[in-house]
Structures are given as structure tokens and as C-alpha cells.
Amino acid sequence: MVVFKTDTEADTCRKYVLPKLVDAGWDNDPHSIAEQRTFTDGRIVVIGERVRRKVSKRADYLLRHTRDFAIAVVEAKREYETPGEGLQKAKDYAEILDLKFAYSTNGLGIVEYDYFTGFERELDSFPTPSELWERLQAGRNIEDDTANGLLTPSYHLSGKTPRYYQEIAINRTVEEVFKGNDRILLTMATGTGKTDVAFQICWKLWNARWNRTGEHRRPKILYLADRNILVDDPKDKIFTPFGDARWKIRGEAKKSREMYFATYQAIAKDERRPGLYRQYATDFFDLIIVDECHRGSARDESNWREILEYFKPAYQLGMTATPLREDNRDTYRYFGNPIYQYSLKQGIEDGFLAPYRVHRVITSYDAAGWRPSKDDIDRYGREIPDKEYHTEDFEREVALLMRTKAIAHHLTDFLKNTDRFAKTIIFCVDQEHAIEMRRALTNLNADLTREYSDYVCRITADEGGIGRGHLSRFQDIETKTPVIVTTSQLLTTGVDVQTCKNVVLIRVVNSMTEFKQIIGRGTRVRDDYDKFFFNIIDYTGSATKLFADPAFDGYPAFISEEEVDDDGRTLKYETDDINVERVSEDVEEIFDVDPGLPIDMETERRKYYFDGGHVEIAAQLVYELDPDGKQLRVVKLTDYTAEKVRTLYANAAAIRKDWADPIKRSEIIALLEERGISFDELAKATNQPDADPFDLLCHIAYNAPLRTRRERASRLIKEEQAFFDQYGPEARGILEELLEKYADHGTAQFEIPDVLKVPPISNHGNVMEIAALFGSPERLKEAVEKLQALLYTA
């Protein structure tokens, strides 16, 4: 055999690997070879106000038994490397993608790892699709009827292809259903497409004509949730391919459809009726999907549990965004351990979910507590009980208008400094608090509310149809307003606002389950709308506390802490990078009944209202995970940068050697950016806008003297005159002009040929004419590189 000398992996793939896969039959329908398949987007790294993505994960080849069922991964290496060189990477990808066969090849030899046997062996050729499928069936005990369900096509006409983790969740669930597991749980973080997964599961089972009894008919499926919005959105959008098979149960127990949707409240028993669900036979449904099942559905004392018990013969799939905790243990006890979990942390790491910045803002009342003076009375003339009130008491026991106004003032300033049309959700204590916050924000943004009357809106149960309209427009990515919405419980779950950039906490959140749901309002990524990260602005300390909880699995880009006065002005700012309340729902309402109902004269007032006093907004801290990735710690940007620089270089001399080389300098900058370090932000944090980035790093990391760019440029001209003297007057003038640009703007001014095209250097002629002044383009390049090297010699 003639051996071709190949220089790249691409050569190996083209000349050797692909022909061998074709010979094994992997290009014969329905099998397929997915070449250079990227399966993650790459984690988003926030660098100041800019973002960059880390490298995405990409498999050289994914072997698919059918379009929707991947079975093996192949990693190709260069011909001169050993066949097994890429096996570890192939195994890593196989474990991520839930595959049982991993291959590494240099085009000449093949090494296989079989997860069923645990054996690694050398092969002369790739197994055929039928061979691998038979081994998979044997290893996972897949009977023919289960195989039929697994290989039933997914729905593709919408143009959306399931992501890798969605495909795993879909296939695992279908497999468990066909194997007779009638209680199934999926745990997937908010924003990862649980509803898409549910749809594809239903679609595959429906088209495979699976049902409990084994009859030749389509299954009857019930999609169950606790809020109308969690039912209406799937029914009217994602599940539309089911056409007339869909039906929402509301007041009438129709039995002629196959895909049913209902809220618990619409079919549960109450004082007036025994429960609409009882009009269906206990074995009517083949499958029940329980969305957001952590929200009480499995609690022993719950009416919802009664519904699930009534339909006991049905297979029941629970879907939740929250991993096992004490406050949702009953859910896991009922459904069992999840057959698949995809966490918030993993979603951020893969680049499918947005990272976030956390701003901890403290008012003086929250910092030190508030106690009424002896003669203080509230707005209704009542004496306020004498005690010290703290954050958890505000707006529950006592409503402090000046605190609300101070927070509104600070938030307005925040939006003015960032983006006044960035969609913002504010979580208040109750509906009444949401009104006060809406009013304060409206008045502070009168320049915009005059033009956009719905710039600030309240979306709660009391808003009815008007609130539904506000919510619909708020969710619409093409609609400019509403921009700011105040709420209490409504938007904690089930509301997809893809362009939400600010999540604001003005009520204490103690539950990790609820906290993750709230964070989920901002985790969607929309590259086309410049939405790559979002802010959590925390006025209560809830976020800071819950981030430190070991059960929290999604780390922030950075956390800041800020103190503000009663006008919302910042007094102190430090920044660095780095019990769920179950809400009932009225059958006739889309919104949830809120625990804080409006106060009128006939209603007993449940809290005190104090409108006086003096409030100051009182500290920004940034937290990063410790080296083990288990706990957040406070760190300043300068300390964080110093630590990262010292991990790369032992001393200033070592970094100087590489920094003088333009290529290596770019690599250093890229490494620091991957760690979220921006020189612009560093210059701001140290108040050194004129410092050279190299000097800034050495000063922070090694306590070296700090020089400005102009000082470096002046030293070079003074001490290295011999370098300049070797060139003619005009060429020497160009080098001095380059130094002047560096002194004003930094090392970016050494980019050739771009810098030659702008004044004053462009006044010397075009690029070729300028190069001629140095003798040739090569000598021009050498002169500029030498100039940079000399710049950092001392």
C-alpha cells in the first residue's frame, strides 16, 4: 500500500478515515456520518463590557445509526501519531454525549473503547452500523419494541435540531417508557429547553403508537402544570405539530383528543365541585407530563398529589429545574432519582446559558436595621411598634417609602449608565410593593415615560387582561416597551423573556429552588440581540448568601457590593470579576394570586407604612470560586489579576521576555481575557489610564515600579538613539510617530499595515511607499518589531 505523508488531521480524515467509514457502511441511509460536528457553543467569558467565547467542543466524526440517534464518536489524529493518541479525548466526548463506543485513529490503525466491556482494543476496520447496534442492544438490554421507539424520528420541520443534552434526555426517557418504568424524572436547568424535550418525547411516542396497553393506537397524553402560562405557551406554540389532536381541559372533560393540556387548578376539586379530573377514567391517560413538578405536585398533602394518584396507571414524567434539596425531597421520592440531569453550571460552561454579574447594593436601613422614633406614626395615624426592623421585615411588617425611592433612584442611575432599554424584571415583596416601585421608577424616568407610557409596568394577578398584554409585549423580542416590569411571584417561573438583561431582587429569597427559578429569567442567550450575559442586582443580600450555598451550581461572572444614600447615589463601591411559597391560581385567571393584596379601607391593614426618614445606599464585592470550585470567596479585581499573572509567570523578568514579542504578547492577552481580565477595567480599578498594560501587570503582581506609556516612549528615544540613527530622516520620523501614537493610545498602534493608513503616518505615502523608506516591507516589519522589543528592555 502506498503511504501518503500527511501534515494535518484534515489530511488524515480526507485520505484515510472517511473512506474507511464509508467502507463500513456508515454513509448508507438511514445511517450517517456527521463530520466536524460542534456540539457546544463555548462558554461566554465577560471581559469588562465585552464578551468572548471559549473554544467550543467539536467531534471529528459522530456516527449516527439514524438521524436522531448517535451511537459512536471518532477522533482523528495525524498519520505520524499513534492510532490511540486521541482516545482519551474521544472518551471524554463519548461520556458527555452519552455514547458507549469511542474510537481513535491515525488513518492507518484504529483503537476502540467499549464502555460495556471496559476493553480497549486495536482494529483493522470500523464496525458496521448493524454490528454496533446489536452490541448496543445487548449492552443496554434494548428489546425490539424499545428499539422501535428509540429510532422513531424526531420532529425537524421547524428547523430546530435538539442540542446534545436534549437528545440524551429524549432518548433516555423514551427508552425508560418502553422498558416499563412508569415514574420518570428529568432535571434540567431553566432555559435549557425542557418544553422542547417534552414535545419531542411526546412526538416520538405518538408516532411510534406506544401506549400502556399494547394496543395499536396512539397514546393519550396529559401535559399538566400549575399555571396557565405554562400550559398555553406549549400548547399554542411548540406543540402545534399535533394539530387538532390538542385540547386544553377547562370546564369540559372532552375525551376525543390525544394531546391534552390542563392546569391542576382547572381539574382539581374545590368547595364547589368534586374535581373535573374524575370525569376521566383512572386509566384514560397513557402518559402524564408534570411540568415544574417541584412546585408541590408530589407533596403528600397536596390536592395535586391526589390527581396523580387517581391516574396511577398512567406513566408519569416529572420535569424540574431544581436538583434534590430538602424543600423538594418529596418530588424525588415520588418520581425517583432523575434519569438525566443538566445543570445551570453545565449550561453556562457549554455556552448555552448566559453568565451573570451580581451587584450587591445595601441601603443604610438594610445595613444597620431601622427602628422608629418614639413619636413616629405611619401614614394612617397608627403608632408603629417599637422594635428594630431588618431586611426580612421590610414591606412585610413595615413599608418604608424612602427605602423604595432610594432603590428606585439607584436602579435608574444604573440603567442610565448601562442601557435604559435593557429589559428588567424587579421582584418585589407583594403586589402593593410592586405598585410603589412602579410609581417611583415612573416618576424618575419621566423623560421616557412621556414618550412611552408603558416604559414601567406592574405585572401581577390584579392586572388581569391588561397585565396579560404587558407580559406579551415584554416577552416579544421585537417590542421596545415595556422595559421595566415590577412583580412579586408571577414571573419567577414559566415566563420566557429571552432578552432580559437585569434581574432585580428587592424581596428576600431564602429558597434555593425559587432562587434558581428567578435567575432563570435571565439565562437565555441571544447572540443576534447582543444578549450574552445579564445582571443580578440584589438589594437584600439573598443572592450573595445563596451563591455561597454548596448546593448552588452556577457561578457568577462577578459580584459587586455597593452602598448608596437615600437619593440612590453611590457612597462606596467595590467590584471585581470573577421556603418556596406555592402560589395558587384562579381557574379563570392566567396570573397567580399574590400573597400581598391591595389595601383598601375595608381591609385590615397587615403592615405599617412609614413615609419619612433618611435612607442612604450604603457597599461592590466580587466573588469567585475557590480552586476546588466549591465555594465563593471575596476577591478584588487587582488581587484576582495578580494571582492569575503569578500562575503564568514567576517574576517580572519572565513576563517581560514574552511581552516584547508581539505574537507572545497577543497570547498573554488572550490567556488573561479567558480569565475575564480586561486591561480597560484594570486601568479603571487602579485609576491608571495612562499606564502601559505590561507595567500595570508587573506593578499589581510583583510590586514593580509603575510607568506611563509616555515615560517608556521617552526613555526609548533617549537611551536607544543608535537604533533610530540607522534609518534615514523620514523613516526615523515614522518610528517616532509610532511611538507618539503608542504613548497616546497603547500597543494596538503597532499593528502593521493598519497604522500606516492613518495620519500622520499616512502623510508619508501609501503602504508600499512607506515600506520603501525602510528598504523593503520585511525591513519595515523588522524595524517595528525591534522598536517594540526595545520598548520593554527595562
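The values are calculated or read from the model by the stated rules, or taken from the named source; none is laboratory data. Given the structure is predicted, the values throughout are model-derived calculations rather than measurements. No Cβ is skipped: glycine too gets one built from the backbone with ideal geometry, and neighbour counts run over all protein chains shown. To get the accessible areas, we keep the full protein, side chains included, count just its heavy atoms, and leave off ligands, DNA and RNA. Shrake-Rupley method; radii C 1.70, N 1.55, O 1.52, S 1.80 Å.
In this structure, the amide hydrogen of Val398, modeled 1.01 Å from its nitrogen in the peptide plane, lies closer than 5 angstrom to those of Tyr608, counting only residues at least 5 positions away or on a different chain.
Give a quick list of chymotrypsin sites (Phe, Trp or Tyr not before Pro) in the range 59-90 that DSSP marks as loop, anything other than H, G, I, E or B, with at most 13 other Cβ atoms within 10 Å.
On the way: sites: Tyr61, Phe69, Tyr80; in loops: Tyr80.
Listed in order of number, the matching sites are Tyr80.
Given a Förster distance of 45 angstrom, what is the FRET efficiency for Ala367 paired with Lys254, based on the Cβ-Cβ distance and rounded to 0.05?
Values: r = 58 Å, r/R0 = 1.28.
In this case the efficiency is close to 0.20.
With 0.36 nm allotted per residue and the present C-alpha distance subtracted, the Glu785-His745 stretch has 12.6 nm of extension available. Specify whether the C-alpha gyration tensor of the chain places it in the rounded, prolate or oblate class, a ≥ b ≥ c being the square roots of the eigenvalues: rounded for a/c under 1.5, otherwise prolate if a/b is larger than b/c and oblate if not. It comes out oblate by the Cα gyration axes.
Backbone phi angles across the range 338-353, fed through the Karplus curve with coefficients 6.51, -1.76 and 1.60 (θ = phi - 60°), yield HN-Hα couplings of x, 7, 7, 10, 10, 8, 4, 4, 5, x, 5, 4, 6, x, 7, 10 Hz in residue order; Gly and Pro are listed as x. A simple spin-label model places pseudo-atoms 7 Å from Cα toward Cβ; at Asp376 and Lys416 they are separated by 2.8 nm. Label-to-label distance, Ser776 versus Ser666, with points set 7 angstrom from Cα along the beta-carbon direction: 2.2 nm. Helix-only mean residue ellipticity at 222 nm, the chain, DSSP H runs n ≥ 4 weighted -39,500 (n - 2.57), per residue, nearest 500. What is it? About -10000 deg cm²/dmol. Restricting the calculation to alpha carbons of the range 56-171 gives Rg and Dmax of 14.7, 45 angstrom.
What is the sum of charges, Lys and Arg at +1 and Asp and Glu at -1, for the other residues whose Cβ falls under 14 Å from the Cβ of His65? My count for the surroundings of His65 gives -3. For the chain, with all protein chains in place and a probe radius of 1.4 Å, 46% of the accessible heavy-atom surface sits on carbon or sulfur. Here the label points at Arg606 and Arg732, each 7 Å from Cα along the C-beta direction, are separated by 8.4 nm in the simple model.
Return the loop-located trypsin sites (Lys or Arg not before Pro) in the range 193-233 (DSSP other than H, G, I, E, B) with at most 12 other Cβ atoms within 10 Å of their own Cβ; answer none if there are none. Intermediate values should be presented prior to the final figure.
Numbers: sites: Lys194, Lys204, Arg209, Arg212, Arg217, Lys220, Arg227; in loops: Arg209, Arg212, Arg217, Lys220, Arg227.
For trypsin sites (Lys or Arg not before Pro) across the range 193-233 that sit outside H, G, I, E and B with at most 12 neighbouring Cβ atoms in 10 Å, the list reads Arg217.
Each residue of the range 761-778 is assigned a 3J(HN,Hα), and the resulting list reads 5, 5, 5, 7, x, 7, 4, 5, 5, 5, 4, 5, 5, 9, x, 5, x, 5 Hz, derived from the Karplus form 6.51 cos²θ - 1.76 cosθ + 1.60 (θ = phi - 60°), x at Gly and Pro.
Tell me the per residue accessible area of the range 87-227 using a 1.4 Å probe; a whole number in Å² is fine.
Details: 5510 Å² over 141 residues.
Result: 39 Å² of accessible area for each residue.
In terms of Cα atoms, the Rg and Dmax of the range 660-794 work out to 15.5, 44 Å.
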